[in-house]
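J.: The structure follows.
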Amino acid sequence: MRHVAIFLILAISGTLTEKTFPDSFRFGSATAGYQVEGAWNEDGRGVSIWDTFVHETGVGHVKNDSTGDVACDSYHKYKEDIAIMKDLGLKLYRFSVQWPRILQDGTPLTLNQAGIDFYVNFVKELIANGIEPMVTLYHWELPQHLEDLGGWLNPEMADYFGDYARIVFKNLGPYIKYWVTINEPGTTCNCGYGQGVHAPGKFLIGEGVYQCAYVQLKAHAKAYHIYDEEFREKQKGKVTINSAGSWFYPKDPDNPLDVMAAERTFEFNPGLYANPVYKGNWPEVVIERVANRSHLEGLSFSRLPEFTQEEIDYINGTYDYYSLNMYTSNVVEYADDGDIDTPSIWLDQGTVTSFDPSWPTGVATWMASDPPGIRILLNYLKEKYAIDEFVITENGWATVPGEINDQTRIDYLKGYLSNILDAIVEDGVNVTGYTLWSFMDNFEWAEGYTQRFGIIDVDFESPERTRTYKESAKWYKRVIEARAIVD
């Protein structure tokens, strides 16, 4: 009986001391304009690089030749979507403004008032339902006209982006407190200008990736300074660039070469974009390795563009918080430098990445579940870059179409949210918001509609694009109500 009594005391104590998210923590979800809006040629919207990319049918750009022409039809159904968000208890919703819906060809000369009105009405509807809007200025919807001028390889794109950002700040700024300038610049540069699997489909893995990174960082800084100098005093919002991050485990933590390889892999991936913003200039190891391999390739210059001191100073410090997208971790091992061959960022990096075979893998072959990695990464970023505030702006799991009883997603989210909570409560990391990816199934870029990240199912075969709660949506609603991890 004494043992039973002790067990009951411990059980009651565990319930009473259950960790909860701070009152200031905002639970939310996220989507992106092209992935959900549809209405690709309505109300004066211009043509984006993704419109061009997906309409090249028969090429194999997108699985099943799918497009975002209609997608979730959120352009017409946004009030229904916001009603669902309210029912779930969401307090934060991250979405992207589509550049060509605001400026048809990307320039102020083609300003589209209908596009501005749509987004103003959208954010007002969110606020009226107690949901804070969080806006991404660029989630890969570059106007085709600007791509014709060189896209993100053209240094002048920073000025075009600045003009666009100013118009959005002016019109939406009175309602917005959290801005993201550019979503996952590394994905745009690697997939769009390096590997050709995303729009605009360029295969420039040795040179285009770095030029794209250089231009996007300058564009981000341009938008940040415009907000800082022209809008911050009155609007009092926060601006940052987004970072897609993974935690990189050395394959053998006792092997100094694997430890070094893991650190190098970080610097060539999130560090390539974070270091100029949070510390100034490219990571030193990236500068050295790209310059050395460029020399061995017979070039008289480095394939990595060199920042001037003025540019370093202009980009450094252009953040008010850290926007983190994380889906999984990687295992990294050292590799000897490859032969001098076709230039490549992967050869420049010179490491081998993989997954731990014990991690559960998902529908997306690049996904594996490692929840503790996010806690480690948050602490690492906090120390490395002296970060005062984080918002987790993407984190999610893909399932197959039609899977309503999505227990694998619940298990994944439970693991990640538990580790985020531990980082907050036990480690003192200031995470103020979490926007789960994604609010509903949508057009998943090159994967089309074969991967479903939503907690709300969308029937893409129905003209009404019928929405249905998945089990994960019901679970997330209970988490939000309890402000704690629940079964």
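The values are calculated or read from the model by the stated rules, or taken from the named source; none is laboratory data. What you are looking at is a predicted structure, and each value in this text was computed from that prediction instead of being measured. Neighbour counts are summed over all protein chains in view; Cβ atoms, including those assigned to glycine, are modelled from backbone coordinates with ideal geometry. All accessible areas refer to the heavy atoms of the entire protein, side chains included, with ligands and DNA or RNA removed. Shrake-Rupley method; radii C 1.70, N 1.55, O 1.52, S 1.80 Å.
Results for (1) among the aliphatic types (A, V, I, L, M); (2) in contact with a Phe, Trp or Tyr (Cβ under 7 Å, 6 or more places away or on another chain); (3) farther than 16 Å from residue 269 by Cα, shown as yes or no for each residue.
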residue	(1), (2), (3)
164	no, yes, yes
192	no, no, no
205	yes, no, no
219	yes, yes, yes
233	no, no, yes
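J.: Can you tell me how many residues within the stretch 251-288 are touching a residue at least 24 places away in the same chain (Cβ under 8 Å), surrounded by fewer than 20 Cβ atoms within 10 Å (Cβ to Cβ) and not charged (D, E, K, R)?
T.: Count: 5.
J.: As an exercise: evaluate residue 228 against (1) in contact with a Ser or Thr (Cβ under 9 Å, 6 or more places away or on another chain); (2) part of a helix (DSSP H, G or I); (3) open to solvent by less than 30 Å² (accessible area, probe 1.4 Å) and give the number of the one condition it does not meet.
T.: Here residue 228 meets the rest and fails (3).
Rundown of residues vs (1) in a loop (DSSP other than H, G, I, E, B); (2) in contact with a helix residue (DSSP H, G or I) (Cβ under 9 Å, 6 or more places away or on another chain); (3) free of Cβ contacts under 8 Å to residues at least 40 places away in the same chain; (4) among the hydrophobic types (A, V, I, L, M, F, W, C), yes/no style:
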residue	(1), (2), (3), (4)
163	no, yes, no, no
173	no, yes, no, no
233	no, no, yes, no
246	yes, yes, no, no
249	no, yes, no, no
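J.: Would you point out the residue of the stretch 179-205, among those that are touching a Pro at 6+ places or on another chain (Cβ under 8 Å) and under 26 Å from residue 94 (Cα atoms), that is most open to solvent (accessible area, probe 1.4 Å)?
T.: Among residues in the stretch 179-205 that are touching a Pro at 6+ places or on another chain (Cβ under 8 Å) and under 26 Å from residue 94 (Cα atoms), the one most open to solvent (accessible area, probe 1.4 Å) is 186.
J.: Still on this structure, please answer the following. Select from the stretch 48-70 the residues that are among the aliphatic types (A, V, I, L, M) and surrounded by 14 or more Cβ atoms within 10 Å (Cβ to Cβ) and write down the one among them that is nearest to residue 107 (Cα to Cα).
T.: 49
J.: Residues that are in a loop (DSSP other than H, G, I, E, B), farther than 22 Å from residue 408 by Cα and either modelled with pLDDT under 95 or open to solvent by less than 60 Å² (accessible area, probe 1.4 Å) (or both): does the stretch 355-370 have at least one?
T.: No, that holds for no residue.
J.: For the subset of the stretch 73-92 comprising residues that are closer than 23 Å to residue 178 by Cβ and assigned to a loop (DSSP other than H, G, I, E, B), which member is least open to solvent (accessible area, probe 1.4 Å)?
T.: 90
J.: Please enumerate the residues belonging to the stretch 124-161 that are in a loop (DSSP other than H, G, I, E, B) and within 21 Å of the chain's Cα centre (by Cα).
T.: Passing the criteria: 131, 139, 140, 141, 142.
J.: Got at least one residue in the stretch 449-458 being of a type in the set (Ser, Thr, Tyr), within 20 Å of residue 187 (Cβ to Cβ) and surrounded by 17 or more Cβ atoms within 10 Å (Cβ to Cβ)?
T.: yes
J.: Here's another thing I want to ask about it. Got at least one residue in the stretch 388-409 being of a type in the set (Gly, Ala, Ser), over 26 Å from residue 49 (Cα atoms) and touching a residue at least 60 places away in the same chain (Cβ under 8 Å)?
T.: No - not one qualifying residue is present in the stretch 388-409.
J.: Still on this structure, please answer the following. Just one of the numbered conditions (1) in a helix (DSSP H, G or I); (2) under 24 Å from residue 442 (Cβ atoms); (3) not small (Gly, Ala, Ser) is not true of residue 95; which one?
T.: Just one mismatch for residue 95, condition (1).
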